[in-house]
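Colleague: Supplied in structure tokens, the structure appears directly below.
The values are calculated or read from the model by the stated rules, or taken from the named source; none is laboratory data. The structure presented is a predicted model; accordingly, all values stated were derived computationally and were not measured. Backbone-built Cβ (ideal geometry, glycine too); neighbour counts: all protein chains shown. SASA here: full protein model, heavy atoms, side chains in, ligands and nucleic acids out. Shrake-Rupley method; radii C 1.70, N 1.55, O 1.52, S 1.80 Å.
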Amino acid sequence: MKITRIEIWSVTMRLAEPYTIAYETIDKAVNIFIRIHTNDKYFGCGCAAPDEEVTGETPESVSNAIGNIAIPLIKDSDPLRPVMLLERLRSKMADHPSALAAIDMALYDIMGKYAGLPLWKLLGGFRDRIRTSVTIGILSEDETVRRAVDFVQRGFKSLKLKGGIDIESDIVRTIKVREAVGKNIEIRFDANQGYSVDQALRFVEQTRTVPIELLEQPTPKGHGDLLGRVTSRAAIPIMADESLLTLRDVFRLARRNLADMLNIKLMKVGGINEALHINSVAKAAKLEAMIGCMDESALSIAAGLHLALARSNIIYADLDGHLDLIDDPTSGAVILRNGTLFPTNKPGLGFELKE
């Protein structure tokens, strides 16, 4: 089997509910879709969700990287050798992680279809479903509580609150949400790099009686020592997100005990293949992992879901980036029931993206 051509196109999807995090407000998402064709009946689909703040990419740079770098390097190659092809691309596309992730997804999609298996089974098959958190952006106290109650009524059992701009409001909102949803709902808090060490520790102390499950990326990503100081002194688990972009990053985080947990996002690390290596380091270091996401189509969420289902130490999922997208062409690529995600169990990623 040989790769004959790769289609590339972009889709702009507005969000039904724009949201605010510590450093920006988001009201739309641009995803880049690809379809890798072969000289056989099999084809694979992938998706990139570039974010200039996180991945350093724009939709234009993703399209250019795939068209000008990837296609010349992998055309006429065997798509059933994904590791070889991805290693060929990695050094050339180090600055284009979500573009690499899209190609990675499409290659694994072909492999699963060829094998006649859903990808989560091909990768290991540890579990067949996983609970996902659902995100609430930075809102007023009353609106935060209203959203939290609404999500719980819709069956979600894990809430992720965003903050990092106003610590006083963050503390109050967290306490009020706990009062409103009761003790059996998981609450996670993501400061998106917005805190100092003292602020992070103060937040942990002031919400001690709530309680919350974890605090994600409280301090700036370029200062691992700050994250480590919070981790060593906080009474709850501290998760690294923006601080984790590469395999070398996870080694550094683990070696210096800078975090208790890791948020692995395919768009940041360059796809499933690299995420598997990162997760292996995490497992060796006894770090729990979560598969997270950006504002991604359901097809991309499916790729993250298949990975999360495959490995035992990936115990958390934050795979809700597709829920608010209007006119997602891959709607239906994952199944959501009462806050739990299921794969479609069709071969590969489990969804046929039509031409």
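Colleague: Identify all residues within the range 1-40 that are open to solvent by 30 Å² or more (accessible area, probe 1.4 Å) and in contact with a helix residue (DSSP H, G or I) (Cβ under 9 Å, 6 or more places away or on another chain); write none if there are none.
Modeller: If the condition is that a residue be open to solvent by 30 Å² or more (accessible area, probe 1.4 Å) and in contact with a helix residue (DSSP H, G or I) (Cβ under 9 Å, 6 or more places away or on another chain), then Met1, Arg5, Ile8, Trp9, Ser10, Thr12, Glu17, Val30, Asp40 are the ones that fit.
Colleague: Something else about it: Checking the conditions here, which among Glu143, Glu213 is acidic (Asp, Glu), touching a residue at least 12 places away in the same chain (Cβ under 8 Å) and open to solvent by less than 70 Å² (accessible area, probe 1.4 Å)? It would help to see each step written out before you state the result.
Modeller: On the way: Glu143 fails: touching a residue at least 12 places away in the same chain (Cβ under 8 Å).
Exactly one residue qualifies, and that residue is Glu213.
Colleague: Taking the stated definitions as given, is Pro79 touching a strand residue (DSSP E or B) at 6+ places or on another chain (Cβ under 6 Å), buried (at least 17 other Cβ atoms within 10 Å of the Cβ) and part of a loop (DSSP other than H, G, I, E, B)?
Modeller: On the way: touching a strand residue (DSSP E or B) at 6+ places or on another chain (Cβ under 6 Å): yes; buried (at least 17 other Cβ atoms within 10 Å of the Cβ): yes; part of a loop (DSSP other than H, G, I, E, B): yes.
When the stated conditions are applied, Pro79 passes them.
Colleague: Can I ask one more? What are the residues in the range 323-355 that are under 22 Å from Ile185 (Cβ atoms), modelled with pLDDT of 95 or more and not in a strand (DSSP E or B), if any?
Modeller: Leu323, Asn338, Gly339
Colleague: Determine whether the range 316-338 contains at least one residue that is out of contact with any helix residue (DSSP H, G or I) (no Cβ under 8 Å at 6 or more places or on another chain), of a type in the set (A, V, I, L, M) and more than 21 Å from Phe351 (Cβ to Cβ).
Modeller: no
Colleague: Same structure again: Based on this model, can you work out whether Val204 counts as of a type outside the set (Asp, Glu), modelled with pLDDT of 95 or more and under 30 Å from Gly155 (Cα atoms)?
Modeller: Details: of a type outside the set (Asp, Glu): yes; modelled with pLDDT of 95 or more: yes; under 30 Å from Gly155 (Cα atoms): yes.
Considered against the rule, which asks whether it is of a type outside the set (Asp, Glu), modelled with pLDDT of 95 or more and under 30 Å from Gly155 (Cα atoms), Val204 comes out as yes.
Colleague: Can you tell me how many residues in the range 1-53 are assigned to a loop (DSSP other than H, G, I, E, B) and within 12 Å of Ser63 (Cα to Cα)?
Modeller: Here the count works out to 2.
Colleague: Could I ask something else about it? Can you name every residue in the range 99-157 that is in contact with a Lys or Arg (Cβ under 9 Å, 6 or more places away or on another chain) and polar (S, T, N, Q)?
Modeller: Ser133, Thr135, Ser140, Thr144
Colleague: Name the one entry in Gly224, Gly304, Gly228 that is touching a Cys at 6+ places or on another chain (Cβ under 8 Å) and either at pLDDT 95 or above or not hydroxyl-bearing (Ser, Thr, Tyr) (or both). Outline the logic, then answer.
Modeller: Values: Gly224 fails: touching a Cys at 6+ places or on another chain (Cβ under 8 Å); Gly228 fails: touching a Cys at 6+ places or on another chain (Cβ under 8 Å).
Just one listed residue meets the conditions, Gly304.
Colleague: Could you tell me which numbered condition Phe189 fails, if it satisfies all but one of (1) under 22 Å from Glu24 (Cβ atoms); (2) surrounded by fewer than 16 Cβ atoms within 10 Å (Cβ to Cβ)?
Modeller: Status for Phe189: all satisfied but (2).
Colleague: Could you tell me how many of the residues in the range 253-273 are charged (D, E, K, R), part of a helix (DSSP H, G or I) and either surrounded by fewer than 23 Cβ atoms within 10 Å (Cβ to Cβ) or without any contact (Cβ under 8 Å) to a residue 60 or more places away in the chain (or both)?
Modeller: 1
Colleague: OK, next. Is there any pair with a first residue in the range 43-57 that is more than 11 Å from Met294 (Cβ to Cβ) and a second that is open to solvent by 40 Å² or more (accessible area, probe 1.4 Å) and assigned to a strand (DSSP E or B) whose Cβ atoms are under 8 Å apart and which are 6 or more apart or on different chains, and what are they?
Modeller: As it stands, the answer is none, since no pair meets every condition given.
Colleague: Going through the range 58-76 one residue at a time, which ones are part of a loop (DSSP other than H, G, I, E, B) and touching a residue at least 40 places away in the same chain (Cβ under 8 Å)?
Modeller: First, pick out the residues of the range 58-76 that are part of a loop (DSSP other than H, G, I, E, B): 58, 75-76.
Matches in the range 58-76: Lys75, Asp76.
Colleague: One residue is enough: does the range 321-340 have a residue meeting the conditions under 22 Å from Leu214 (Cβ atoms) and either crowded, with 22+ Cβ neighbours inside 10 Å or of a type in the set (Lys, Arg) (or both)?
Modeller: The answer is yes, given that some residue of the range 321-340 is under 22 Å from Leu214 (Cβ atoms) and either crowded, with 22+ Cβ neighbours inside 10 Å or of a type in the set (Lys, Arg) (or both).
Colleague: Any idea how many residues of the range 82-120 are in contact with a Pro (Cβ under 9 Å, 6 or more places away or on another chain), open to solvent by 50 Å² or more (accessible area, probe 1.4 Å) and assigned to a loop (DSSP other than H, G, I, E, B)?
Modeller: 1
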